[in-house]
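These notes concern the structure reproduced below.
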Amino acid sequence: THAPRPRASGFCPGARGRGAWVVPTEAGLRLGEVHDENARALGGVAGHAGLFATAVELARFAQALLEGGGGALSPAAVRALLAPQTAGLNERRGLGWCLYDPRRPPAGAGDLWTERAFGHTGFTGVSLWADPAPERRLIVVLLTTWVGGGAELAALRARVHNAVVGSLKA
């Protein structure tokens, strides 16, 4: 397997992001401008916000993680990213990832994943969930521009994830 080759992914796409793959998340924002005010204050590049990508590229990145790094990261790095780091707290988290807990499913994840699943959501409505369990090997990418959707957005994400995962339970 080879490392994913991003074509559009990155921070601060500006003019190169104009076109079919970048949409503004809110009225008044220019295309290719991060929505998060803190990330914007940092020049559009921050660890918690500002990455622009297509669904295909996000799926490729998740596939690399499912493959133990896929050449982009070492298997040890992937194990560290997906190892529980929050023992004793109310939610299971890895390094940058929400880890699925069937006893207390994360908001918007749905309730049909295996305990090996991991995901990440964004304020503007995006989500990426993946399940490395051998019987699944599943990736779900949802890109929306639903800023501040709150509980309604979490419910939509859960319905989408459950519909996809549930379709595999034949």
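The values are calculated or read from the model by the stated rules, or taken from the named source; none is laboratory data. In this text, all values refer to a predicted model and were calculated from it rather than measured experimentally. Ideal geometry is used to build each Cβ from the backbone, glycine not excepted, and the neighbour counts take in all protein chains shown. Note: accessible area is taken over every heavy atom of the protein model, side chains too, but ligands, DNA and RNA are not part of it. Shrake-Rupley method; radii C 1.70, N 1.55, O 1.52, S 1.80 Å.
The figures follow:
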read-out	value
The lone exception for Ser74 - which of (1) open to solvent by 40 Å² or more (accessible area, probe 1.4 Å); (2) touching a strand residue (DSSP E or B) at 6+ places or on another chain (Cβ under 6 Å); (3) hydroxyl-bearing (Ser, Thr, Tyr) it fails	(2)
The one condition in (1) touching a Phe, Trp or Tyr at 6+ places or on another chain (Cβ under 9 Å); (2) part of a helix (DSSP H, G or I); (3) over 24 Å from Asn162 (Cβ atoms) that Ala46 fails to fulfil	(2)
Qualifying residue in the range 155-168 (condition: under 25 Å from Glu37 (Cα atoms) and exposed (fewer than 15 other Cβ atoms within 10 Å of the Cβ))	no
Tabulated pairs, the range 29-50, first small (Gly, Ala, Ser), second open to solvent by 30 Å² or more (accessible area, probe 1.4 Å) and in a helix (DSSP H, G or I), C-beta under 9 angstrom, 6+ apart or interchain	Gly32/Ala15; Gly32/Arg16; Ala46/Asn38; Ala46/Arg40; Ala49/Asn38; Ala49/Arg40; Gly50/Arg40
Residue match in the range 116-124 (condition: touching a Ser or Thr at 6+ places or on another chain (Cβ under 6 Å) and open to solvent by less than 70 Å² (accessible area, probe 1.4 Å))	yes
The range 30-43, subset surrounded by 14 or more Cβ atoms within 10 Å (Cβ to Cβ) and in contact with a helix residue (DSSP H, G or I) (Cβ under 9 Å, 6 or more places away or on another chain), residue modelled with the lowest pLDDT	Leu31
Filtered residue count, the range 80-89, keeping only those that are open to solvent by less than 90 Å² (accessible area, probe 1.4 Å) and either outside any loop (DSSP other than H, G, I, E, B) or at pLDDT 90 or above (or both)	6
Thr114, sole failed condition from (1) closer than 19 Å to Arg79 by Cβ; (2) among the polar types (S, T, N, Q); (3) touching a residue at least 24 places away in the same chain (Cβ under 8 Å)	(3)
